[in-house]
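S.K.: Below is one structure. I have some questions about it.
The values are calculated or read from the model by the stated rules, or taken from the named source; none is laboratory data. Given the structure is predicted, the values throughout are model-derived calculations rather than measurements. Using ideal geometry, Cβ is built from the backbone for each residue, glycine included, and neighbour counts are taken over all protein chains shown.
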Amino acid sequence: MSTFLLIIGLIMFLSLVVVHEFGHFIMARRGGVVVEEFGLGFPPHIFKRKTKAGWLFSVNWLPIGGFVKLKGEHDTDTVAGSFGAASVLVKTEIMAAGVVMNLIAAFVLLMILAWIGMPQLVNNQFTIKQDATYVQRAQSDIEASTVEANSPAAGSGLKANDIIVALGNPAHLSNVTSVNILPVLTKQYAGQTVELAYKTSDHSPVIYKTVTLRSAADVQKALTSGKQIGYLGVSVYQYQKGLDVIRSTWSAPIVAAGLIKQFTVLTFQGLGKAIAGLASIVAGGVTGNTAARQAGQTEASAQVVGPVGIFFVFKYGSALGFQFILMIVAILSLALAIMNILPIPALDGGRLWLILLTRALKRPLKPEREELINATGFAFLMLLVILITFADVKRFF
């Protein structure tokens, strides 16, 4: 089932590119601009075929996006049917169409998720409380992190990653449901003989062991001598399994819109941290400050993922179910919309802002300079993809 969901997720992700480029395609033909090629990925070509309508459909080797090639793409072209000859309004509609299509896709997916059950991926995730019903609660285990040698825990056979279920008087065991409960219980029963219940895995039977906890005097004596020990002798952590899932009804469109706003803010915060990390890398490299450079590299790489990272997000996420996969696709669609509206050369936003800027200044760019700007932007993006891919390989392998 996980493999099936992984394949579905990757297909849906690639479909986001098709949706994006289809927006450009439709608006270009509607605006009277001739479409020469509709491509998935970037050349060189794997497959290409000319359609009856006269435009070329291609599948290409570099699976990092897609493109719609228009006739006369230079802003100064004047031939009828070319992009350059179109009005500023038509150019704006063509450039913005991909962003709009990705926003619509994100909104529709999030609205569907709100109806069937929305996974809660972030703290305080937007929802309408009056119309929120939990259909699934995240489960969590209290697991042993480290077990002290020669401790009561070690004597019971407890090992790292075992699940602690309960502790206390055999006639009245107290369930251990949070990391804060265990220290309270072990202090309460200090020096006493109690029963410890634990499991070696989710599906294994519960093991019951009688243990005698260290006394308060023993713990204090060790502390005085500079050694820190526990009454039971185990450190624990909380391991969450699954996610909270909330279903909405009449508020589904509102939830979808609210989440788009919330995740847009989070995306810009992540971009800000990534840029700050890149600045630290540059500053550390110039000044020779290795610590600053490494800290910046860690900060920058933590905020972004490339094709390899996206694959592993889907791979690990497939174990959480179809709703999680659908939500990741929705967030990626929103991210594509945001990135393509920013003034980044070679992307839709960069081209659009360049057109609007030259119109405002009344100084049209020469084709050579326009190509140089877009080619430089594209080369920078390719370099960034390569660097992110190296970071992803280091992170996931």
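S.K.: Please indicate, with yes or no, whether at least one residue in segment 7-26 is over 29 Å from residue 314 (Cβ atoms), charged (D, E, K, R) and outside the structural domain of residue 347 (by TED's automatic domain parsing).
M.R.: No.
S.K.: Inspect segment 205-226 for any residue being closer than 30 Å to residue 106 by Cα, loosely packed, with under 14 Cβ neighbours inside 10 Å, out of contact with any His (no Cβ under 7 Å at 6 or more places or on another chain) and basic (Lys, Arg) and give the result as yes or no.
M.R.: no
S.K.: Okay, moving on. Return yes or no: is residue 117 under 26 Å from residue 18 (Cα atoms) and surrounded by 16 or more Cβ atoms within 10 Å (Cβ to Cβ)?
M.R.: Criteria not met by residue 117.
S.K.: Out of curiosity, is residue 90 at pLDDT 90 or above and under 30 Å from residue 356 (Cα atoms)? Steps first, please.
M.R.: On the way: at pLDDT 90 or above: yes; under 30 Å from residue 356 (Cα atoms): yes.
Yes.
S.K.: Those residues that are over 33 Å from the mean Cα position of the chain (by Cα), part of a strand (DSSP E or B) and not hydrophobic (A, V, I, L, M, F, W, C), I need them from segment 138-194; list them, please.
M.R.: Selection gives 168, 169, 172, 174, 175, 193.
Residue-wise test of (1) over 18 Å from residue 143 (Cβ atoms); (2) in a strand (DSSP E or B); (3) out of contact with any strand residue (DSSP E or B) (no Cβ under 8 Å at 6 or more places or on another chain); (4) of a type outside the set (Lys, Arg).
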site	(1), (2), (3), (4)
196	no, yes, no, yes
202	no, no, no, yes
205	no, no, no, yes
214	yes, no, yes, no
222	yes, no, yes, yes
226	yes, no, yes, yes
232	no, no, no, yes
238	no, yes, no, yes
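Yes/no matrix, rows are residues, columns are (1) touching a Lys or Arg at 6+ places or on another chain (Cβ under 9 Å); (2) within 30 Å of residue 263 (Cα to Cα); (3) acidic (Asp, Glu):
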{"site": "52", "(1), (2), (3)": "no, no, no"}
{"site": "66", "(1), (2), (3)": "no, yes, no"}
{"site": "109", "(1), (2), (3)": "no, yes, no"}
{"site": "115", "(1), (2), (3)": "yes, yes, no"}
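Table: residues versus (1) modelled with pLDDT of 85 or more; (2) in a helix (DSSP H, G or I).
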residue	(1), (2)
305	no, no
309	no, yes
313	no, yes
318	no, yes
324	yes, yes
329	yes, yes
336	yes, yes
339	yes, yes
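S.K.: Within segment 193-204, how many residues are surrounded by 14 or more Cβ atoms within 10 Å (Cβ to Cβ) and either closer than 21 Å to residue 172 by Cβ or free of Cβ contacts under 8 Å to residues at least 40 places away in the same chain (or both)? Quick ask: steps written out before the conclusion?
M.R.: Residues of segment 193-204 that are surrounded by 14 or more Cβ atoms within 10 Å (Cβ to Cβ), as a first pass: 194-200.
So of that shortlist, the ones also either closer than 21 Å to residue 172 by Cβ or free of Cβ contacts under 8 Å to residues at least 40 places away in the same chain (or both) come out as 194-199.
Selection size over segment 193-204: 6.
S.K.: Here is a follow-up. Can you tell which of 69, 91 is within 30 Å of residue 360 (Cβ to Cβ), part of a helix (DSSP H, G or I) and of a type outside the set (Asp, Glu)?
M.R.: The match here is 91.
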